[in-house]
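Everything on this sheet refers to the single structure shown next.
The values are calculated or read from the model by the stated rules, or taken from the named source; none is laboratory data. Just so you know, these numbers come straight off a predicted model, no measurement behind them. Cβ coordinates were reconstructed from backbone atoms using ideal geometry, including for glycine residues, and neighbour counts include every protein chain displayed. Calculation scope for accessible area: heavy atoms of the full protein, side chains included, ligands and nucleic acids excluded. Shrake-Rupley method; radii C 1.70, N 1.55, O 1.52, S 1.80 Å.
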Amino acid sequence: MNALVEAKIISAELMKYRYSGISLNGEVADKKGVLALLSTDPNLIMQLNANADFTGQDPAVTAELNIDSADLQALQLSADELRIRTLITADVPKLNADYPEGVVSISKSVVAAKGERYFIDSLFVSSNPSQDTGQNIWVSADFLQAHITGKTPLRQIGNVVTEHINRHYNM
């Protein structure tokens, strides 16, 4: 399948907010895709560039989302003042829902809420599963260091945690 999309959203209402100034360009050819999205909406200034490759058993994705300014209160996504700025990058050569392989980082984050500005440390998540050990996920930030291992598929972790809690607590 080959496809090409070019769109300019002059005005669109979603959740009681009227978005404007959004452009989208994308192309899919030979099971590979490219996407570029740009928003110049005064309450959502952002740029997304992404590539996807569907030729392998699992899709591969690289992406960079640069949110220069998002006013979540103005966008009707928060009742209180909440503005964010952040950079999210992803390099995921195997986007498998149970055993993903890749690196995702969140950096340069600033959150403004209730008149205060908070500068958030960078967060890095790296996943490199293997046949022998299963999950091998590292989470790294100034406030958190974690290493997750085991053979439980990620889509089953919620059920496993709930079952474990229910064994020890009557909820």
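Residues in the range 69-96 that are closer than 30 Å to Gln57 by Cα and assigned to a loop (DSSP other than H, G, I, E, B): how many? Even if it seems obvious, please write down each step before you answer.
Looking only at the range 69-96, we keep the residues that are closer than 30 Å to Gln57 by Cα, and these are 87-96.
Filter once more, keeping what is assigned to a loop (DSSP other than H, G, I, E, B): 95-96.
Total meeting the criteria: 2.
Might you check whether a residue that is more than 30 Å from Glu13 (Cβ to Cβ) and either at pLDDT 95 or above or open to solvent by 40 Å² or more (accessible area, probe 1.4 Å) (or both) occurs anywhere in the range 84-91? Quick ask: steps written out before the conclusion?
Of the range 84-91, the ones more than 30 Å from Glu13 (Cβ to Cβ) are 89, 91.
Of the ones still in play, those that are also either at pLDDT 95 or above or open to solvent by 40 Å² or more (accessible area, probe 1.4 Å) (or both) are 89, 91.
Yes; the residues of the range 84-91 include at least one that is more than 30 Å from Glu13 (Cβ to Cβ) and either at pLDDT 95 or above or open to solvent by 40 Å² or more (accessible area, probe 1.4 Å) (or both).
I'm trying to understand the selection: among the residues of the range 1-33, which are among the hydrophobic types (A, V, I, L, M, F, W, C) and open to solvent by 60 Å² or more (accessible area, probe 1.4 Å)? Before the answer, list the steps.
Going residue by residue through the range 1-33, those that are among the hydrophobic types (A, V, I, L, M, F, W, C) are 1, 3-5, 7, 9-10, 12, 14-15, 22, 24, 28-29.
Of everything in the range 1-33, those that are among the hydrophobic types (A, V, I, L, M, F, W, C) and open to solvent by 60 Å² or more (accessible area, probe 1.4 Å) turn out to be Met1, Leu4, Val5, Ile9, Ile10, Leu14, Met15.
Filtering the range 17-35 down to residues that are among the charged types (D, E, K, R) and in a strand (DSSP E or B), which residue is nearest to Ala74 (Cα to Cα)? Talk me through it step by step, then tell me what you get.
We begin by selecting, within the range 17-35, every residue among the charged types (D, E, K, R); these are 18, 27, 30-32.
This time we only want the ones that are in a strand (DSSP E or B), so: 18, 27, 32.
Numbers: Arg18: 10, Glu27: 32, Lys32: 36 Å.
By that ranking, first place goes to Arg18.
Name the strands (runs of 3 or more DSSP E) wholly within the range 97-171 that hold at least 1 residues that are surrounded by 15 or more Cβ atoms within 10 Å (Cβ to Cβ) and modelled with pLDDT of 90 or more?
Numbers: elements: 101-113, 116-120, 123-127, 135-141, 144-150.
The strands (runs of 3 or more DSSP E) meeting that bar are 101-113, 123-127, 135-141.
Select from the range 36-67 the residues that are assigned to a strand (DSSP E or B) and open to solvent by 60 Å² or more (accessible area, probe 1.4 Å) and list them in ascending order. So that I can check it myself, show each step before the final result.
Here is the first cut: in the range 36-67, the ones assigned to a strand (DSSP E or B) are 36-41, 44-53, 60-67.
Once the filter is applied, which keeps residues that are assigned to a strand (DSSP E or B) and open to solvent by 60 Å² or more (accessible area, probe 1.4 Å), the range 36-67 yields Leu38, Thr40, Ile45, Gln47, Asn49, Asn51, Glu64, Asn66.
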